[in-house]
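What follows is a single structure, written as structure tokens, with notes after it.
The values are calculated or read from the model by the stated rules, or taken from the named source; none is laboratory data. Quantities reported herein were computed from a predicted structural model and do not represent experimental measurements. When we count neighbours, we look across all protein chains shown, and the Cβ atoms used for this are built from the backbone with ideal geometry, even at glycine.
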Amino acid sequence: MSKVSVNPEGKVVLISGANRGIGKALAIEFLEKGAKRVYAGARNIASLDPLKAQYGDRLVPVTIDVTDQSTIDQAALATEDVDILVNNAGILFPGGFLDPQAIEQLKSHLDVNVIGLINLTHAFLGRLKNKPSAAIINISSMAGLANMPSIGTYSASKAIVHSITQGIRGELASENILVAGVYPGPIDTDMAKGFEMDKDSPEAVAKNVIAGISSGVEDIFPDTMSEQAGGQYQASPKALEEAFGAYAG
Ligand SMILES: NC(=O)c1ccc[n+]([C@@H]2O[C@H](COP(=O)([O-])OP(=O)(O)OC[C@H]3O[C@@H](n4cnc5c(N)ncnc54)[C@H](OP(=O)(O)O)[C@@H]3O)[C@@H](O)[C@H]2O)c1
């Protein structure tokens, strides 16, 4: 548990990848829970038109491609104030480390899921400091806690996000900034379309993320399967590795 808890009411939030999936659900939930404004990041801001129509001035579309530094710089210039940064944008290509395309896929995962997250954090960190309460929320994955061989290179990128989250938390220990890692299991979004398994909704994830930061929770397991995996990880990382390895076959 962190010394900082972050109530969404009155806060200004910036979310990468806010046009669909978990990012969109988070944008809606922050606004419904009283956030003053959500800067909704998207590569194509026209994809935010329906949200904009629903929430008006409280939803501000911002062009952000986390692999394009010029869009990150422009976004930082275009946003006045941010209390909560949500590093949500992500990609997933199935495949493991022994596949011929492993290096190419690992590089793509690193570009978006890791380097993009760091660059966005650098751009907005100054805004978060010297506030009564602020937050950085990094969307990792339960597959970042132990490798899932069928999505091995993705898992590795999310393990780095887990490590970055711990590192940033240490670097910011003297600030009033909650650094939260979120470790979802399978969630019913485009990303998980090809996975035949029970999935929780992105709306449930969003509710649990906001409940988590409101209570100062640093490691958030926002759905049924991640709650189980999180418990298993805390009891025995080896048991989780074996469970994920067996799942992949
Ligand atoms: N769904 C799951 O089962 C699951 C489980 C664990 C963790 N997660 C994580 O949750 C986060 C959200 O995933 P999701 O399930 O909501 O996936 P999604 O529906 O596929 O949405 C991904 C979002 O990321 C954006 N994005 C991709 N590349 C980008 C880039 N270079 N710059 C900026 N935005 C980019 C997409 O924008 P475009 O519309 O422009 O492509 C989209 O808004 C990801 O970090 C993912 O790894 C998901």
Worksheet item: If you scan the stretch 1-22, which residues turn out to be within 16 Å of the ligand (Cβ to nearest atom) and out of contact with any Ser or Thr (no Cβ under 8 Å at 6 or more places or on another chain)?
Response: Val13, Ile15, Ser16, Gly17, Ala18
Response to the item:
Log entry, pairs with first residue in the stretch 80-107 being in contact (Cβ under 8 Å) with a residue 40 or more places away in the chain, second being more than 16 Å from the ligand (Cβ to nearest atom) and assigned to a loop (DSSP other than H, G, I, E, B), beta carbons closer than 6 Å, six or more apart or on different chains, reads Asp83/Lys11; Asp83/Lys131; Ile84/Lys11
Discussion item. Could you go through the stretch 84-94 and let me know if any residue there is away from the ligand (no atom under 14 Å from the Cβ) and farther than 25 Å from Glu196 by Cβ.
Written reply: yes
Fill in: Total residues in the stretch 95-117, condition away from the ligand (no atom under 13 Å from the Cβ) and either aliphatic (A, V, I, L, M) or modelled with pLDDT under 95 (or both)
4
Worksheet item: Any idea which residue in the stretch 138-147 is surrounded by the most Cβ atoms within 10 Å (Cβ to Cβ), counting only those that are aliphatic (A, V, I, L, M) and within 23 Å of Ala25 (Cβ to Cβ)?
Response: Ile139
Discussion item. Quick test of your reading of the structure: Thr71 fulfils all but one of (1) over 22 Å from Arg20 (Cβ atoms); (2) in contact with a Ser or Thr (Cβ under 6 Å, 6 or more places away or on another chain); (3) not acidic (Asp, Glu). Name the failing condition by number.
Written reply: (1)
Worksheet entry | Residue that is nearest to the chain's Cα centre (by Cα), among those in the stretch 23-47 that are buried (at least 22 other Cβ atoms within 10 Å of the Cβ), within 10 Å of the ligand (Cβ to nearest atom) and within 24 Å of Asp73 (Cα to Cα) | Gly23
